[in-house]
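The values are calculated or read from the model by the stated rules, or taken from the named source; none is laboratory data. Source: prediction; values computed, not measured. For neighbour counting, all protein chains shown are included, and Cβ atoms are generated from backbone atoms with ideal geometry for every residue, glycine included.
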Amino acid sequence: MRELETDCCIAGGGPAGVMLGYLLARQGVDVIILEKHADFFRDFRGDTVHPSTLQAFHEMDLLDTFLERPFQKTETLGLVIEGKPFPLADFRHLPVAAPFVAMMPQWDFLDHLADEGRKFPPFHLMMSAEATKYIDGPGRVTGVIAKTPDGPVQIKAKLTVAADGRSSVLRAQSGLPVKDIGAPIDVFWFRLPRSRGAETESLGRVSSDGLLVMINRGDYWQCALPFPKGADEAIRAAGLEAFRARITRMAPDLADATGEIDSWDKVKLLSVQVNRLERWWKDGLLFIGDAAHAMSPVGGVGVNLAVQDAIAAARILGPALRENRLTTEDLAAVQKRREWPARMTQSAQVLAHNMVLIPALTAKTTIHPPILLRLFSWFPLLRRLPARAVGMGLRPEHWDTALDKP
């Protein structure tokens, strides 16, 4: 078996893993990132880059080049309830370098970070390399075994970071207790063509047919249709024609576009999970991002929380790794820093599931807008509150360039 050695081995080349690898390499820490696919090109992943993440890019001097890639700018969010529009959030007043949500394919996000990371000699990204298990040494985790096209590779590391998502194989191996909060919904993802001259605002359509989320992606709408968990088989059994008719009733302007859905292969099922590890670490091993706390798609915050985890971890662990003085106290400090935002965000998502989504998805009569939405219409300043909550989140992380290796 081929053997490699590094300061930090990161399992998973998603936003958390690549961001952490990039920031550690900036500090002179040798890092190997394992990404099981040959490239980053996969659809229906988290594509909403929030102002908190854009501000972190600004602090890293990456924002200008990031925004050179194709993206759609979302400055406001709204709902249309039974045909009547209601403004919900206005990001334009946030005190950040980029007060908007950037809708960018995740492969562009990851390619950008990877390109920047390769400018630093300690940054190593291995594609088509999947972490299959970690190595249990005497009293601590000492690295991982990875599957590659050229055979298995053993990577010895001072620290192994599991950023391999909600289906983390390393989390399953660890046996660490997981708190399963549960989610009462699943989601169908699909895309529909967007005509020239169509409205540009990303929004949600609410009616007695349920909720349809429409995200402006330039020449197409990225759409999400949530439904009560387990109802996907019944929806499929009713047939594509009924599915297209349901979308048309919720969004009549998409009537012509629904013909694009000519096969269930074009409709992807996201099985929603909300859970978190009770402890994010063991000696030599740390979990971050979805591997530590799987989020609901409500608010589109998953990618941004993962990035915030990575920034905090890099800031806390980088100096200790570089100076060869990493302890379990450092790993516990990452959880202490990031657990509260994850817990509170999950609590808010569960509240949204129970108080907003399920009532909307199970209603059989006309939906009446709550008084809070009417207040947002009457008092525009109130729209800054949800913009702050969604756009910046709880405890947004910042990068300190003093940590960069000269």
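Some points to look at:
- Applying a threshold of 6 Å to beta carbon distances and a minimum spacing of six or more residues, or different chains, the list of pairs starting in the range 1-19 at a residue that is assigned to a strand (DSSP E or B) and ending at one that is among the basic types (Lys, Arg) reads GLU5/LYS156; ASP7/LYS158.
- Checking PRO95 against (1) under 26 Å from ALA163 (Cβ atoms); (2) free of Cβ contacts under 8 Å to residues at least 24 places away in the same chain; (3) assigned to a loop (DSSP other than H, G, I, E, B), the condition it does not meet: (1)
- Residue selected from the range 187-211 under the condition at pLDDT below 90 and closer than 17 Å to SER296 by Cα, by the criterion surrounded by the most Cβ atoms within 10 Å (Cβ to Cβ): LEU211
- Residues of the range 371-406 satisfying the condition of being farther than 20 Å from GLN55 by Cα and either of a type in the set (Phe, Trp, Tyr) or surrounded by 14 or more Cβ atoms within 10 Å (Cβ to Cβ) (or both): LEU373, PHE376, SER377, TRP378, PHE379, LEU382, ARG383
- For GLN222, the stated conditions do not hold, so it cannot be described as over 19 Å from the mean Cα position of the chain (by Cα) and on the phi < 0 side of the Ramachandran plot.
- Top-ranked residue of the range 30-74 - restricted to ones that are touching a residue at least 60 places away in the same chain (Cβ under 8 Å) and assigned to a helix (DSSP H, G or I), ranked as farthest from SER167 (Cα to Cα): GLU59
- Test: residue in the range 71-88 that is under 21 Å from the mean Cα position of the chain (by Cα), among the polar types (S, T, N, Q) and closer than 16 Å to PHE57 by Cα: no
- Of all residues in the range 341-351, those satisfying the criterion of being among the small types (Gly, Ala, Ser) and surrounded by 15 or more Cβ atoms within 10 Å (Cβ to Cβ) are ALA342, ALA348.
- Residue within the range 369-392 that is modelled with pLDDT under 90 and closer than 17 Å to LEU212 by Cα present: yes
- Those strands (runs of 3 or more DSSP E) of the range 255-316 in which at least 2 residues are of a type in the set (A, V, I, L, M), considering only elements entirely within it, cover 268-270, 285-287.
- Subset of the range 17-49 [of a type outside the set (Asp, Glu), at pLDDT below 95 and crowded, with 22+ Cβ neighbours inside 10 Å]: THR48, VAL49
- Filter pass, ALA360 being farther than 18 Å from MET19 by Cβ and surrounded by 13 or more Cβ atoms within 10 Å (Cβ to Cβ): yes
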